[in-house]
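Heads up, the thing below is written out as structure tokens.
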Ligand SMILES: NC(=O)N[C@H]1NC(=O)NC1=O
């Protein structure tokens with residue numbers, strides 16, 4: 001059941017982090033930090049607080065967020081150790097159903113990307129299908145590091161937007 005923003009605002013930090021701690025993949029510290037900004041007037045205000053926290057990090061912190069993301073169709077998917085959110089997102093975009101050619105292309109390009117940039121390729125899987133993801137991965141391997149750091153963070157925010165929407169009603173209050 002989705003909560004309204006008043007319910008979110010009333011949560012003690014333990015529950016706030018339990019429920020919303022993975023809106024940025026494996027980065028509950030972000031959720032825990034923005035709890036201080038309650039009460040949020042709307043879901044959009046909560047999302048903005050998360051976004052501002054991320055933007056205020058040094059570049060190393062932004063890269064750290066990217067490094068907390070599992071590869072698409074990578075070893076965590078193979079071993080069944082993805083977070084629930086990531087598993088659903090990857091399944092929805094066909095990452096669990098690649099043919100052998102697509103799987104080896106994905107593995108090779110993910111590796112190339114990581115070697116070039118030192119962080120993984122991140123894209124909002126819910127907004128793409130597998131052909132699209134492979135095309136983007138291949139194209140983005142050609143970018144500069146700073147461009148990719150910023151692109152990856154944009155994608156983190158899109159993923160966060162959709163995860164928040166699945167947990168919190170969008171109505172305003174107060
Ligand atoms: N690497 C990467 O993009 N991972 C992710 N993307 C997404 O939508 N969910 C993820 O876990």
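What follows draws every value from the coordinates through simple rules; no lab data is involved. Keep in mind it's a predicted model, so treat the numbers as computed, not measured. No Cβ is skipped: glycine too gets one built from the backbone with ideal geometry, and neighbour counts run over all protein chains shown.
Numbers at a glance
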read-out	value
Single residue of the stretch 48-63 satisfying the filter (touching a helix residue (DSSP H, G or I) at 6+ places or on another chain (Cβ under 9 Å) and under 18 Å from residue 167 (Cα atoms)) that is surrounded by the fewest Cβ atoms within 10 Å (Cβ to Cβ)	51
Of all residues in the stretch 64-76 being assigned to a helix (DSSP H, G or I) and more than 9 Å from the ligand (Cβ to nearest atom), the one that is surrounded by the fewest Cβ atoms within 10 Å (Cβ to Cβ)	75
Which numbered condition residue 43 misses (of (1) surrounded by 17 or more Cβ atoms within 10 Å (Cβ to Cβ); (2) within 15 Å of the chain's Cα centre (by Cα); (3) in contact (Cβ under 8 Å) with a residue 40 or more places away in the chain)	(2)
Top-ranked residue of the stretch 77-110 - restricted to ones that are within 15 Å of the chain's Cα centre (by Cα), over 17 Å from residue 130 (Cβ atoms) and part of a helix (DSSP H, G or I), ranked as farthest from the ligand (Cβ to nearest atom)	84
Selection count, the stretch 123-174, where residues are within 16 Å of residue 50 (Cβ to Cβ) and either within 15 Å of the ligand (Cβ to nearest atom) or surrounded by fewer than 19 Cβ atoms within 10 Å (Cβ to Cβ) (or both)	18
Residue match in the stretch 91-105 (condition: touching a residue at least 12 places away in the same chain (Cβ under 8 Å) and closer than 28 Å to residue 3 by Cβ)	yes
